[in-house]
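Coordinate-derived values only; no laboratory data. This one's a predicted model, so the numbers in the text were calculated from it and none came from an experiment. Cβ atoms come from the backbone with ideal geometry, glycine included; neighbour counts cover every protein chain shown.
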Amino acid sequence: MTWLKFILVFGAAFLAVFWEAAFPGVRHLVGVQVDLLPPLMVYASLQAGFTAVCLLAVFGGLLFDSLSANPLGVSVLPLFAVGCFFNLKRDLILRDQPFAQGVLGVAASAAVPALTLVLLLSMGSSPLVGWGTIWQLAFMSISGGVATPLLFILFEWLERTLGPSRVVETSFRADREIRRGR
């Protein structure tokens, strides 16, 4: 993983958590806040190494929990579990296909809140769970599935724009003479 990709992923995690806390417009409109940490975890697990997955789970989970009503650290384990699973299976995943990215985004965006809910219930907390939870989980899953291919496109464009240009070497040399005929 290049340093540019590392900085972009962690900057995006910081901006995603800040956006969720500072701009509650989506939450007031549909009753659910879009969570961009699971799509970021999908990107980091497919494009980066295991170290980036671990650091993003800890950094993103603690940031998210510090600005939410969750106990501090409860989001770290679900993010880590999803990131580790996708990182272990990344050789088998069609990571360049937008459809596969979207499916992985739906799966991650459904698994992280569900695992967080299981952890909260096992810790003795009493979160509000009802029929609205199904709507929230469905909306978060679909929005995560839409956001994941867009994040891949955005990060690819940022790497092309901000990263070093690739040098293309050809086998043709300008000072080489080509003899023709017999």
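Sort out the exposed loop GluC sites (Glu not before Pro) in the chain (DSSP loop, at most 12 other Cβ within 10 Å) and tell me the longest stretch that has none.
1-168
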On the formula 1/(1 + (r/R0)^6), with r taken between the Cβ atoms of residue 14 and residue 168 and R0 of 25 Å, the FRET efficiency rounded to 0.05 is 0.10
By the mean-Cβ-within-10 Å protection proxy, highest first, 87-95, 122-130, 101-109 rank as 101-109, 87-95, 122-130
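Between residue 125 and residue 89, what is 0.36 nm times their sequence separation minus the Cα-Cα distance? Round to one decimal in nm.
Stretched fully, the residue 125-residue 89 segment lengthens by 9.7 nm.
Please state the relative contact order of the range 3-162 as a whole percent: Cα pairs under 8 Å, 6+ residues apart?
Relative contact order here is 27 percent.
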In units of 2.2 N^0.38 Å, the Cα radius of gyration of the range 3-162 is 0.99
Listed with the fewest Cβ neighbours within 10 Å leading, 179, 160 appear as 179, 160
For the chain, the longest principal axis of the Cα atoms and the Cα long axis of helix 76-88 enclose an angle in degrees, to the nearest 10, of 30
In degrees rounded to 10, the 0-90 angle between helix 50-66 Cα long axis and the longest Cα principal axis of the chain is 30
Tilt, helix 3-22 to longest principal axis of the chain (alpha-carbon atoms), in degrees rounded to tens, equals 30
Taking a ≥ b ≥ c as the square roots of the Cα gyration tensor eigenvalues, with a/c under 1.5 meaning rounded and otherwise prolate when a/b beats b/c or oblate if not, the range 96-182 comes out prolate
